[in-house]
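To start, the structure itself, in structure tokens.
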2 protein chains.
Amino acid sequence: MHLPLALEKKAAVPLQDQIFGQLRGLIVSGKLKPNSRIVASRFLADQVGISRTTVILAYDRLVAEGYLETRPAVGTFVSPCPPEATIRECSDRGTESILRQADVRPALFRCPPLPCRLPTPCRIDFRPGSHDPDLLPLKSWLRATQRILGNCRRIPVVPSPAGAEPLRRAIAEWLAARRGITVAPEQIIVTSGSRQALTLIGRLFLRPRDTVVVETPTRTGAADLFEAMGARLLRVPVDEHGLDVDWLPGGAAVLAHITPSHQIPFGSTLAQHRRRPLIEWARTAGAYLIEDDCNGVIRYQGTAPTSLIALDPYGLVFHVGSFSQTLGDGVRLGYLIVPPEMTATAIAAKAVFDDGCSWFEQMVLADFIAGGEYDTHLRRLRKIWLQRRDCLIERIGEHFGTGRLVGTEAGNDLVWLLPPGLPPAAEIAERSARHDIGVGALSADTTCPNGLLFSYGGLDETLISEGVAGLAEILSSVRPHSVCASR
Amino acid sequence: MHLPLALEKKAAVPLQDQIFGQLRGLIVSGKLKPNSRIVASRFLADQVGISRTTVILAYDRLVAEGYLETRPAVGTFVSPCPPEATIRECSDRGTESILRQADVRPALFRCPPLPCRLPTPCRIDFRPGSHDPDLLPLKSWLRATQRILGNCRRIPVVPSPAGAEPLRRAIAEWLAARRGITVAPEQIIVTSGSRQALTLIGRLFLRPRDTVVVETPTRTGAADLFEAMGARLLRVPVDEHGLDVDWLPGGAAVLAHITPSHQIPFGSTLAQHRRRPLIEWARTAGAYLIEDDCNGVIRYQGTAPTSLIALDPYGLVFHVGSFSQTLGDGVRLGYLIVPPEMTATAIAAKAVFDDGCSWFEQMVLADFIAGGEYDTHLRRLRKIWLQRRDCLIERIGEHFGTGRLVGTEAGNDLVWLLPPGLPPAAEIAERSARHDIGVGALSADTTCPNGLLFSYGGLDETLISEGVAGLAEILSSVRPHSVCASR
């Protein structure tokens, strides 16, 4: 039988290994069945034009490791039960079988349950996370890449795990000019996204059963994250002025995660008069505040109140930002501003657990920001998002007329607080998903208002209109009279 | 006084915010001194050509937040003590002051001590981690980037946190062809580097005081990482056949981290006859094996024994690989192969703690591998590293003649086992670093042999020769008679 091998004589991998690897592949993949005869070494040697010894050595190793067996005076055969047969069975058996094998792997079951958050995409998807690729600055990003790689003379022998110098500088300057935040580049750690920044903070402080304050409703993933780290979550409600500081716990807490500039998902901005009290609470509770700013870069109306980190006189605020919100998941880089006295420890933690982000990409982003192309991109994004927001507001008004809109002044999503008489948002979201329209439910948690979440950044006006119309149809089928607008 | 403001009328940020932010910046940075007078709103309005109301609103906010104060009938002044003054003091006070403030932030001191691993670079640096930028495939990487960004139509609405499909497929195919490892793309999780893969595994299994087996000597950072996670380390010695399985603990363990293909830093390859016993040990101990393959991609002699994951019939092996070793830190992407039954949990963990790597970079790497450019790069790298290895071996022979070399058959580093009569490697390394020559010490740990680690991948022949000569000089000054070669 002729063996379908593709050998590269110039390859870094010795021929003998290539034969071994490929034959093994054919056997494991089942292309070569157990007990099937293998072409004799001298024929294979001729076939691929290499020394017979090489082939023999490869065969010997396959025999030694149980993939082949030689039957004296008969020839060489695929062994009746090659090693991986067992593995394939395992993977076929599926997950439940893991229980039967608990004696082999008890460890797995000692880790906290981890939610898997992967919704199936809908044709019209208002759920957070959807991006419009046409809004990505592909051309200017490519130009920046060309500048960087074109002039790349050397990579630092040991790039700082805290991030590439030029990027940390660019972020510091951008924050000063655009967000009124003054920090030294040394306080900035580049992360592979805001999520990693949160993990890093948790790693610095959290022990099992520590108290962590999170907002409710929340959609940042911070709650999942800190819970997975074993923390005890204390959910503080959010209203139209952001986190309701009167509900902050009296006792001690280790961390509090807040989204002040555009609450995720509720959309409200943390009012100025609540900011100083929040910081004072942190000081008394012995907690650190995590100011998650990912969603607040783009504003349409109102001025952003001074950020917590700028107000904080005690060095209790970690400030987290990300570029994924505005650059799409194409570039997943974020940053973490660390209180001066903890910078060294935080960088060490980053080094131990992750050891730094890609250097090329950091340099490209640095160039992109410092050259002003990021701001240009933000201006364009704001213009288009604003049009889409207005279109969405209009359509919701047309079709429903009732209910209130929250979180329209920033970001790329808003919340429609459902009028009384409608089913729970979660139920509506589930139903509309079945009709290929994705909307977010504010929360299944009954303590928070019944609202639907619309992320409009990723959808053009046509899709937005179509989506809202479709949703109206679905809702009317639920409660014909209570939701159709009086048009 | 004329204010140095740079306002952008078309910016996404409202003018009022720009004035506020920039004035605030000037005050906080100290460019505007406390009590200095601020130009009257109408003058500033004229100066920058905007409505006076805008300026007044900005001033009002600066007053409200304590940066400015108005003195009736006199004018507007920088306040005697603007908010951030306090912050600046903090950062000036330096780290020790944190102790005095322990009541404010007790949390920090409850996290395990985290080592910071940042050596100061030397002019001639044999220490691991140094890259030769001339060996980076910048041009072909740029071409791949152009192909990807040029044809980028859309980014998946929710990119899988496990990684971009094409990259997972490309890695799976590459592993089958080049490493004789057959896995489904679904078992592969793309990480931001091998370090993150280890963190992910630790997160899945480790509880404080769990036992983790690590090799000694080791340089992977795995020991630091698992220790920082609270694990109890059990160090198993390595000899010239790799991990000495006879020293594996009798009792239970949760994880064991091994570098079989090119032990880091000792360089030995885990012998075939030790591999199955290792897997059987894992099964009995209820442990998972972490096969850290980062350093074994390039081999000069001998065939790589079948990897542990290919031998393992129980699904107890996590296989970790990285591209940083061969692509430099320019691209920090790695991968983790997860036993089939744990894939879902591991992906969920990745989603919770990091939420996926940059999509552009993943797509570029996928194209780079699938198009064969990665293999081309590896062939070039192997050729040049081989020359450098031979040069290093020759020089060491010339200058010292004594001692033995280990780990020459793969990777880009080797170990010189020091002849008797020489001071501990750590001492030599420290001394040579003072002469701007970086060499690695095998380990300060007295249980392991006294050896110097030379990573030659990042240095051309001239520097290698110069470096060894310099080292010889330093050593001769230590012990004139015992180390000079008899030439």
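What does DSSP give for chain A in terms of the percent of beta bridges that are antiparallel, rounded to the nearest 5? Intermediate results must be reported in sequence, preceding the final value.
Numbers: 27 of 46 bridges.
Among the beta bridges of chain A, antiparallel pairing accounts for roughly 60 percent.
Can you give the Rg/Rh ratio of region B:285-418, where Rg is from the C-alpha atoms and Rh is the Kirkwood radius?
Working: Rg = 18.4 Å, Rh = 17.6 Å.
Answer for region B:285-418: 1.04.
With +1 on each Lys and Arg Cβ and -1 on each Asp and Glu Cβ, how big is the dipole of region A:223-374 about its Cα centre, in debye rounded to the nearest 20?
Details: 9 positive and 18 negative charges, 72 e Å.
In total the dipole reaches around 340 debye.
Longer than 31 Å from Cα to Cα, which of A:Lys383/B:Lys139; A:Lys10/B:Lys139; A:Lys33/B:Lys350; A:Lys33/B:Lys383; A:Lys10/A:Lys31; B:Lys9/B:Lys350 are they? Say none if no pair is.
Working: A:Lys383/B:Lys139 36 Å; A:Lys10/B:Lys139 22 Å; A:Lys33/B:Lys350 37 Å; A:Lys33/B:Lys383 38 Å; A:Lys10/A:Lys31 26 Å; B:Lys9/B:Lys350 42 Å.
Beyond 31 Å: A:Lys383/B:Lys139; A:Lys33/B:Lys350; A:Lys33/B:Lys383; B:Lys9/B:Lys350.
Based on the Cα coordinates of the protein assembly as shown, what is the per residue volume of their convex hull in Å³?
Working: hull volume 188.0 nm³, N = 974.
Once divided by residue count, the hull of the protein assembly as shown is 193 Å³.
Over the C-alpha atoms of region B:146-234, what are the Rg and the largest Cα-to-Cα span, Dmax, in Å?
Values for region B:146-234 (Cα only, Rg and Dmax): 17.2, 51 Å.
Trypsin sites (Lys or Arg not before Pro) within region A:1-58: which are DSSP loop residues with at most 13 other Cβ atoms inside 10 Å? Before the final figure, lay out the partial values.
Values: sites: A:Lys9, A:Lys10, A:Arg24, A:Lys31, A:Arg37, A:Arg42, A:Arg52; in loops: A:Lys9, A:Lys10, A:Lys31.
Taking region A:1-58 and a limit of 13 other Cβ atoms within 10 Å, the loop trypsin sites (Lys or Arg not before Pro) found are A:Lys9, A:Lys10, A:Lys31.
If we hang a label 7 Å off Cα along the beta carbon direction at B:Arg380, how far is it from the matching labels on the other copies, in nm, shortest first?
3.2
Run the label-point distances for A:Glu461 please: 7 Å along Cα to Cβ, every other copy, nanometres, shortest first.
6.9
Explain nothing, just the number: relative contact order of chain A, from Cα pairs under 8 Å at least 6 residues apart, as a whole percent. Show your work: numbers first, answer last.
Numbers: 791 pairs, mean separation 78.0, N = 487.
It rounds to 16 percent for chain A.
So, with +1 on the Cβ of K and R and -1 on the Cβ of D and E, and no other charges, what is the size of the charge dipole of region B:130-196 about its Cα centre, to the nearest 20 debye? Don't skip to the end; give the middle numbers.
Details: 10 positive and 5 negative charges, 42 e Å.
Value, rounded to 20: 200 debye.
With the cut-off at 15 Å, report for region B:157-196 the share of all Cα pairs above it, as a whole percent. Kindly include the intermediate steps, with their values, before the conclusion.
Working: 329 of 780 pairs.
For region B:157-196, the share of Cα pairs beyond 15 Å comes to 42 percent.
What are the nm distances, shortest first, from B:Asp246 to its equivalents in the other copies, labels at 7 Å along Cα→Cβ?
In ascending order, 7.4 nm.
Taking both sides together, what accessible area is buried at the B/A interface, probe 1.4 Å, expressed in Å² and rounded to the nearest 100?
Numbers: alone 23630 and 23620 Å², together 36660 Å².
Looking at B and A, the buried total is near 10600 Å².
To the nearest 500 deg cm²/dmol, what mean residue ellipticity at 222 nm is calculated for the protein assembly as shown from DSSP H runs of n ≥ 4 alone, each contributing -39,500 (n - 2.57), summed and divided by the residues? Each step should come with its number before you reach the end.
Working: 36 runs with 402 residues, N = 974.
The helix contribution divided over the protein assembly as shown gives -12500 deg cm²/dmol.
What percentages, rounded to whole numbers, describe P(r) for region B:275-328 computed over all alpha carbon pairs with 10 Å bin width beginning at zero?
23, 45, 27, 6
Mind checking Rg over Rh on region A:233-321, alpha carbons, Kirkwood formula for Rh? Can you show the working numbers first?
Numbers: Rg = 12.1 Å, Rh = 13.0 Å.
Dividing the radius of gyration by the Kirkwood radius yields 0.93.
Along the positive direction of the dipole of region A:290-371 (beta-carbon charges: Lys, Arg +1; Asp, Glu -1; about the Cα centre), which of A:Phe360, A:Met342, A:Gly302 reaches farthest?
Value: A:Gly302.
Can you give the log10 of the normalised intensity I(q)/I(0) at q = 0.08, 0.10, 0.16 Å⁻¹, computed with Debye over equal Cα scatterers of region B:181-335?
Each listed q corresponds, in turn, to -0.20, -0.31, -0.86.
Can you tell me the order of B:132-139, A:254-261, A:301-308 when each peptide is scored by its average per-residue count of other Cβ atoms within 10 angstrom, highest first?
On the way: B:132-139: 17.4, A:254-261: 26.8, A:301-308: 19.1.
Going from most to least packed, we get A:254-261, A:301-308, B:132-139.
Please compute the per residue accessible area over chain A with all protein chains in place, 1.4 Å probe, rounded to a whole number of Å². Don't skip to the answer; put the middle values down first.
On the way: 18320 Å² over 487 residues.
Per residue, chain A has an accessible area of 38 Å².
So what is log10(I(q)/I(0)) for region B:346-487 at q = 0.09 1/Å, when the Debye sum runs over its Cα atoms only?
Ignoring solvent entirely, the Cα scatterers give -0.41.
Keeping the other protein chains in place, figure out the carbon and sulfur percent of the accessible area of chain B, with a 1.4 Å probe. Can you show the working numbers first?
Values: 10070 of 18340 Å².
Exposed carbon and sulfur together represent 55 percent of the surface.
At most 16 other Cβ atoms within 10 Å and a DSSP loop assignment: could you name the chymotrypsin sites (Phe, Trp or Tyr not before Pro) in region B:206-306 that fit?
Values: sites: B:Phe226, B:Trp247, B:Phe266, B:Trp281, B:Tyr288, B:Tyr300; in loops: B:Phe266, B:Tyr300.
In loop regions of region B:206-306 (DSSP not H, G, I, E or B), the sparsely surrounded chymotrypsin sites (Phe, Trp or Tyr not before Pro) are B:Tyr300.
Which whole-number percent gives the relative contact order of region B:8-83, counting Cα pairs below 8 Å spaced six or more residues apart? Provide the component values of the computation, followed by the final result.
Numbers: 85 pairs, mean separation 26.2, N = 76.
In percent, rounded to a whole number, it is 34.
Just want to confirm a number: the relative contact order over region A:401-467, from Cα pairs under 8 angstrom separated by 6+ residues, in percent.
Working: 95 pairs, mean separation 20.0, N = 67.
Over region A:401-467, the number comes to 30 percent.
What would the Debye equation give as log₁₀ I(q)/I(0) for chain A at q = 0.13 Å⁻¹, counting only Cα atoms as equal point scatterers?
Relative scattering, expressed as log10 I(q)/I(0), comes to -1.17.
Please compute the Kirkwood hydrodynamic radius over region B:1-78, one decimal place, Å, based on all pairs of different Cα atoms.
Hydrodynamic radius (Kirkwood, Cα only) of region B:1-78 equals 12.5 Å.
Given the C-alpha atoms of region A:344-408, compute the convex hull and give its volume per residue in Å³. Kindly include the intermediate steps, with their values, before the conclusion.
Values: hull volume 10.8 nm³, N = 65.
With only Cα atoms used, region A:344-408 gives 167 Å³ per residue.
Anything losing 30 Å² or more of accessible area from the isolated chain to the full protein assembly: pick those residues out of region A:210-235, probe 1.4 Å, ligands and DNA/RNA ignored.
With the partner chains in place, region A:210-235 has these residues losing at least 30 Å²: A:Met229.
The values are calculated or read from the model by the stated rules, or taken from the named source; none is laboratory data. No experiment lies behind these values; they were computed from the predicted model shown. Methodologically, a virtual Cβ is constructed for each residue, glycine included, from the backbone with ideal geometry; neighbour enumeration extends over all protein chains shown. SASA here: full protein model, heavy atoms, side chains in, ligands and nucleic acids out. Shrake-Rupley method; radii C 1.70, N 1.55, O 1.52, S 1.80 Å.
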